[in-house]
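Comments concern the structure below.
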Amino acid sequence: MITGFNTDIKHNEKVYHIQTEDKGLQNPYIESLVYVGGEILASKKTSYAEQAGAGVDEKWIGSLMEQQHRTMIAAIKRGRFDVVADVTKSTPRPTLSTHTLTPVPTRVEPPPPLAIDEERTLDQVIIDYLASEAESEHLELSLMSSTEFYAGLPVELRVAAKKSLSQNPIAAAAIEVKVISTVEPPRVIFRGKTAADGTTVVRCTIPQFAEGTAAIIISAASPIGNDEVKQLVKRKK
């Protein structure tokens, strides 16, 4: 079982706590919960039973967890749960003005709580809500295989650029690979663009360096946003 995500987000003077965790291969689904003041406002469950049957690793599950967690954070920032949080407060009773003759009800019923369907809370309501607004989609860059970078050696890897919500590929995203180090100025060692399937193969050689530390920054840029992946450069012993 992978360690989950826990994030506090302040929005409109309220603190929302988002918790996302993996239930494990014996119970293959990702669950996210939104809390305010200890009360659960909404939940999302995403099953990956079909993918688990074909074989998945912790990196794949972790990526699914992170995507779902980001979606919930975006929903809070866009005010999706404002009404839900507000109905947890008691409704103040109206008071009788000395200048009115209108009778005041003896009891004011609080508004009914907003129903949250746990099976479709974020699958239908949240994701559909975010997907309906173009600006909520952003680019997500990922490495399609685990790769280690060594100074002075060539490297070949495939990267993928996808939309964060729909997971549709992003074609023509600008890909750049840059080396930064503690001893030299930044150096660009690769530039290219993604194909129609949102992927491209990066082939380049990592510069040699005798001292200091270095890192690789793989970045992607598109009209719907930018993203980057960072990896340390190792030296052969």
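The values are calculated or read from the model by the stated rules, or taken from the named source; none is laboratory data. Since this is a predicted model, take the numbers as computed values, not measurements. Note that we place each Cβ from the backbone using ideal geometry, even for glycine, and neighbour counts take in every protein chain shown.
Check the stretch 147-162 and report whether any residue there is within 16 Å of residue 229 (Cα to Cα), at pLDDT below 90, touching a Leu at 6+ places or on another chain (Cβ under 6 Å) and not assigned by TED's automatic domain parsing to the domain that holds residue 75.
Yes; the residues of the stretch 147-162 include at least one that is within 16 Å of residue 229 (Cα to Cα), at pLDDT below 90, touching a Leu at 6+ places or on another chain (Cβ under 6 Å) and not assigned by TED's automatic domain parsing to the domain that holds residue 75.
Among the candidates 166, 181, single out the residue that is in contact with a helix residue (DSSP H, G or I) (Cβ under 8 Å, 6 or more places away or on another chain) and without any contact (Cβ under 8 Å) to a residue 60 or more places away in the chain.
That would be 166, the only listed residue that is in contact with a helix residue (DSSP H, G or I) (Cβ under 8 Å, 6 or more places away or on another chain) and without any contact (Cβ under 8 Å) to a residue 60 or more places away in the chain.
If we keep just the residues of the stretch 129-146 that are among the charged types (D, E, K, R) and within 21 Å of residue 65 (Cβ to Cβ), which is modelled with the lowest pLDDT?
137
Kindly list, by first and then second residue, each pair from a residue in the stretch 213-228 that is among the β-branched types (Val, Ile, Thr) to a residue that is in a loop (DSSP other than H, G, I, E, B), limited to pairs with Cβ atoms under 8 Å and residues at least 6 apart or on different chains.
These pairs meet every condition: 213/182; 216/206; 224/137; 224/138; 224/170.
I'd like to know if the stretch 171-186 contains one or more residues that are touching a strand residue (DSSP E or B) at 6+ places or on another chain (Cβ under 6 Å), modelled with pLDDT under 95, surrounded by 13 or more Cβ atoms within 10 Å (Cβ to Cβ) and hydroxyl-bearing (Ser, Thr, Tyr).
Yes, the stretch 171-186 contains at least one residue that is touching a strand residue (DSSP E or B) at 6+ places or on another chain (Cβ under 6 Å), modelled with pLDDT under 95, surrounded by 13 or more Cβ atoms within 10 Å (Cβ to Cβ) and hydroxyl-bearing (Ser, Thr, Tyr).
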